[in-house]
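The values are calculated or read from the model by the stated rules, or taken from the named source; none is laboratory data. All of these numbers come straight from a predicted model, not from anything done at the bench. We place every Cβ from the backbone using ideal geometry, glycine too, and count neighbours over all the protein chains shown.
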Amino acid sequence: MTKQKLRIGMVGYGFMGRTHSNAFLTAPRFFDLPYQPELTAICARNADRAKAFAENWGYQSTETDWRKLIARDDIDLIDIAAPNNMHMDIAIAAAEAGKMIMCEKPLGRTAVESQKMVDAVEKAKVPNMVWYNYRRIPAVTLAKHMIDEGQLGRIFHYRAKFLQDWTISEDLPQGGEGLWRLDKSVAGSGVTGDLLAHCIDTAMWLNGSIDKVTAMTETFIKTREHTLTGKIEPVGIDDACAFMGRFSNGSLATFESTRYARGHKALYTFEINGEHGSLFWDLHDLHRLEYFDHRDEGLTRGWRSVHITDGEHPYMDKWWVPGLSIGYDESFTHQAADFIMGLNSEAAAPTFKDALETDKVTDAVLRSAETGQWEIAN
Ligand SMILES: NC(=O)c1ccc[n+]([C@@H]2O[C@H](COP(=O)([O-])OP(=O)(O)OC[C@H]3O[C@@H](n4cnc5c(N)ncnc54)[C@H](O)[C@@H]3O)[C@@H](O)[C@H]2O)c1
């Protein structure tokens, strides 16, 4: 039987435009989806590059103005893979047009923007989701199941870090294509909204909400040439951030992120310590979950490094045979599949409303770094 189509209009053909396109192409081949995703239109400002992208990925058409994309009757879902300053306007317009929306993270540049986006999708009652893809790496999903089943018992600590090293050079400009993350007016913040947002989303998914935080941030290089103006301009983003917090369940949180940790490209790790055991996960070794269970008996009690590739592991029955790993891109495939499967039941998380909670925490972190005080995060 031919499935009804889910016609996708994507905004942005950069890094995330590619992961999402790949996810929508791959998901129906590995998951039994109620609708058939169709790459209907790609939107970006440069017509020639949009056309080349469309040819490579199989999009049927191109647009150079996202408003025209949203006005089209042959689009069901708007997928926002553009820089952060674009998210709010596109999402609100898409909601008003009755489109389903998937949006990249962080939802808004601030929680004020995100709240407006939540209001828009709730008023329009359109399915919505934010691409916090790390939730859908099988080892991370398994961690969630184990914690929910009480295998760790009472939780004492959660710690996470996300380290990179690509902005250390003083000669690196800010702003424009590829470097918009260094321009606060576009990105909203530096590592806090870009990298720690991932850590916070995962943390709150695994361990519940964060009540309050105290933070410090640093901008190591204070001025950089702006690509668009050619002038030396102040740098407004946080290059590094460390914060402590307290979860609603009483456990203690420590988080750190920087783009100045030589040798680290995308070192995202988290560890959670409970009364019965601990879990540790590392993005560089994403198909492994490290697990210690204090209740193990005997002299060989110790950390187990579990290879998350068995058919019983989350998502893994959809892939190859036991022992063969999947990677980063499949987390997006899982998210696309879950969204499409969730259309006939309750919306798959994280919704805009869930992602707003992350933005409230990142706002509180940045506020605390300025005031030097503990700040309430929700
Ligand atoms: N989930 C994740 O792990 C993850 C990873 C990277 C980026 N992101 C998020 O994805 C979003 C995009 O990041 P990226 O790394 O793909 O950026 P990118 O710079 O690689 O791509 C951005 C794209 O947006 C397009 N764009 C910019 N302005 C536009 C406009 N006015 N109209 C149409 N298109 C426009 C650009 O041409 C480009 O194709 C950001 O919000 C970022 O925070 C998420």
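Observations, loosely collected:
- Residue, farthest from the chain's Cα centre (by Cα), within the stretch 223-240, restricted to residues that are among the small types (G, A, S) and surrounded by 15 or more Cβ atoms within 10 Å (Cβ to Cβ): G236
- Residue list for the stretch 170-189, restricted to those being in contact (Cβ under 8 Å) with a residue 40 or more places away in the chain, more than 9 Å from the ligand (Cβ to nearest atom), part of a loop (DSSP other than H, G, I, E, B) and over 17 Å from the mean Cα position of the chain (by Cα): E170, L172, P173, G175, G176, D183
- Checking each residue in the stretch 150-159 for being surrounded by 18 or more Cβ atoms within 10 Å (Cβ to Cβ) and assigned to a loop (DSSP other than H, G, I, E, B) picks out only L152.
- Candidates N56, N85, N46, filtered to the one that is within 19 Å of the chain's Cα centre (by Cα), surrounded by fewer than 23 Cβ atoms within 10 Å (Cβ to Cβ) and assigned by TED's automatic domain parsing to the domain that holds G12: N85
- Residue within the stretch 211-227 that is over 11 Å from T362 (Cα atoms) and part of a helix (DSSP H, G or I) present: no
- Matching residues in the stretch 279-321 - criterion: being more than 14 Å from T269 (Cβ to Cβ), surrounded by 18 or more Cβ atoms within 10 Å (Cβ to Cβ) and among the hydrophobic types (A, V, I, L, M, F, W, C): I308, M316
- Screening N128 with (1) in the same structural domain as D79 (by TED's automatic domain parsing); (2) touching a His at 6+ places or on another chain (Cβ under 8 Å); (3) under 30 Å from L289 (Cβ atoms) gives one miss only, at (2).
- Test result for T219, assigned by TED's automatic domain parsing to the domain that holds L182, touching a Pro at 6+ places or on another chain (Cβ under 8 Å) and without any contact (Cβ under 8 Å) to a residue 60 or more places away in the chain: no
- Test set (1) within 12 Å of the ligand (Cβ to nearest atom); (2) surrounded by fewer than 20 Cβ atoms within 10 Å (Cβ to Cβ) - F162 fails condition number: (2)
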